[in-house]
1. What order do you get for Phe145, Phe433 when you list them from fewest to most C-beta neighbours inside 10 Å?
2. For Arg81 and Asp280, calculate 0.36 nm times their separation in residues minus their Cα-Cα distance, and state this gained length in nm to one decimal.
3. Can you check what the net charge comes to around Lys211, using other residues whose Cβ is under 14 Å from the Cβ of Lys211 (Lys, Arg +1; Asp, Glu -1)?
4. Relative to the present Cα-Cα distance, how much length would full extension add between Glu507 and Gln261 at 0.36 nm per residue of separation?
5. Can you give me the distance in nm between label points at Lys346 and Tyr112, each placed 7 Å from the Cα along the Cα-to-Cβ direction?
6. Once you place label points 7 Å from the Cα toward the Cβ at Lys472 and Leu168, how far apart are they in nm?
7. With a sphere of radius 15 Å drawn around the Cβ of Leu129, what net charge do the other residues whose Cβ falls strictly inside it have (Lys, Arg +1; Asp, Glu -1)?
8. Any idea what angle helix 55-77 forms with the longest principal axis of the chain, computed on alpha-carbon atoms, 0 to 90 degrees, nearest 10?
Amino acid sequence: MKEQALSTPAADTTQRSKTPSGNFLLKACIFATGLAGIVAEYVMATLASYLLGNAVLQWTLTVSVMLFAMGVGSRISKYIRNSLLDAFVWVELLLSLLCASSAALIYFLSIYIQWIAPLLYFLSFCIGLLIGLEIPLATRLNDFFEELRINISSVMEKDYYGALLGGLLFAFVALPYLGLTYTPIILGSINFLVAFALFLRHRKVLDSPRKVSMGFLVVPIFLILIAWNVEPIILYGEQQKYVDRIIYQEQSPYQRIVVTQWKEHFWLFLNGNEQFSSYDEERYHEPLVHPAMQLSVSRDHVLVLGGGDGLAVREILKYPDVKRVTLVDLDPAVTRLGQTHPLFVKLNENALNHPAVTIINTDAYAYLKETGNIYDVIIIDLPDPKTVDLARLYTREFYQLCSRHLSKGGTIVTQATSPFFSRKAFLSILKSFRAANLSAIPYHNNIPTLGEWGWVVGIKGVKISPEAMREKLAQLTFENIPTRFLNNDAMISMIHFGKGELDDYDEIEVNHELNLAVYHYYKSNDWELY
């Protein structure tokens, strides 16, 4: 009689609380599904961020789609009138299949489908739909054990507690150590174990035990096959996105790190975006570092924001009067590569292990707000302002914050995207420097693997015209600095722009926190022509 009640819509209240083992098992299953459900949302949002870019937008869209789908699933659940346990078990088995195969399926199909976004959102919707079916079905099953007042609160409580644990596990264990390769399989296994536990405990009251038993034969075989083949599938799918052979890949909590090789040259990609190539990286890092270092009154203490690969630090350490270098990079996985990976150690000449170098893994904005240190040179080597959170690191307020940590006569330089493909964003960065009360000028260089690239350098506390600053840069000499590319002739060419390239400077808006103009300029640029 007690078992039979699980398969009916309602049960006599006198029988509630007489089966504590069944009640405990159901609540444990609800806790586990809450954990798996939230992690499934995070997996799909992270996958969307990596494949489609713009983490804030993709997390917003993916989680919103999944929450909407959960609402649809909850609505559909009211049409399931009988065989509640069968329905719940089938939902868990389907979730097991979808969650386990999600990453491998998306990676593989992304090779053949140019616009993968609709498929990714559709898969997110399907997973959300099944998650939305779980809670109403679990609540109706739990009606056998507890009255409505306690039933609703206990079901939601266990689900939310599971979600908390799931979020913590995803942030600190799953993504850093299992990545998008094995985390979905673990999710699928949790859903399978939930279904299997209920099957073992209540199989006598299933309306279709034979069909359900077949599911328990098929799903574990599928999970084993996916686990066995997921790494080569994902590697194959990812390899198709790159021209050259992948020799290293890692999913950190912040980004996807990929290193490729062509002949004796190497490329570093973060979330699919090229950071440097050993073929011509000196054409980027030498202009980034040396003009600011030579313009500064002093070079005792240098701050680098970003640049976790160590290549900018390599250039800084070429100056014997540098006493301390502080490198602030958000992702410890990148700085670990710069310190320990033989390729990076060779490229940066072991710069990150130099006794004068201190590495701090935190957000650049947060670090500057908390530190009381004063620096002589600040070098900003951060990704382009392609997202709202990155655009904050190109604002007038951010440069004012940097300026507060600069000594008088100290310099600050930032990479400033491409003056050719993203001209308005480039000019907005220049204007934001000057709005922060820094004397500043732009310069640029052609980097074969990146295209035309630009920088902005500023000086604190010294009122000097752009013409006078250009004259100073034109007089720089590099005989005592072992550079591979930069010399006086190159410096002179970098400070001059072609006809009309800076003409609309006056029409460009300053990038500030209440109006992230540089983000909008960057999103409306001509990168698609590149």
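Bear in mind that the values in this text are calculations on the coordinates, not laboratory data. Bear in mind that the values here come from a model prediction, so they are computed numbers and not experimental data. Note: ideal-geometry Cβ built from the backbone for every residue, glycine included; neighbour counts use all protein chains shown.
1. Numbers: Phe145 24, Phe433 28.
With the sparsest Cβ surroundings first, the list reads Phe145, Phe433.
2. Working: separation 199, 0.36 × 199 = 71.64 nm, distance 6.65 nm.
Extra length from Arg81 to Asp280 when fully extended: 65.0 nm.
3. Details: positive: Arg203, Arg210; negative: Asp86, Asp207.
Spelling it out: positives minus negatives among the neighbours equals 0.
4. Numbers: separation 246, 0.36 × 246 = 88.56 nm, distance 4.28 nm.
Extra length from Glu507 to Gln261 when fully extended: 84.3 nm.
5. For the pair Lys346/Tyr112, the computed spacing is 3.9 nm.
6. Here the modelled spin labels are 5.3 nm apart.
7. Details: positive: Arg75, Lys78; negative: Glu41, Glu92, Glu134.
Cβ neighbours under 15 Å give a net charge of -1.
8. That works out to roughly 10 degrees.
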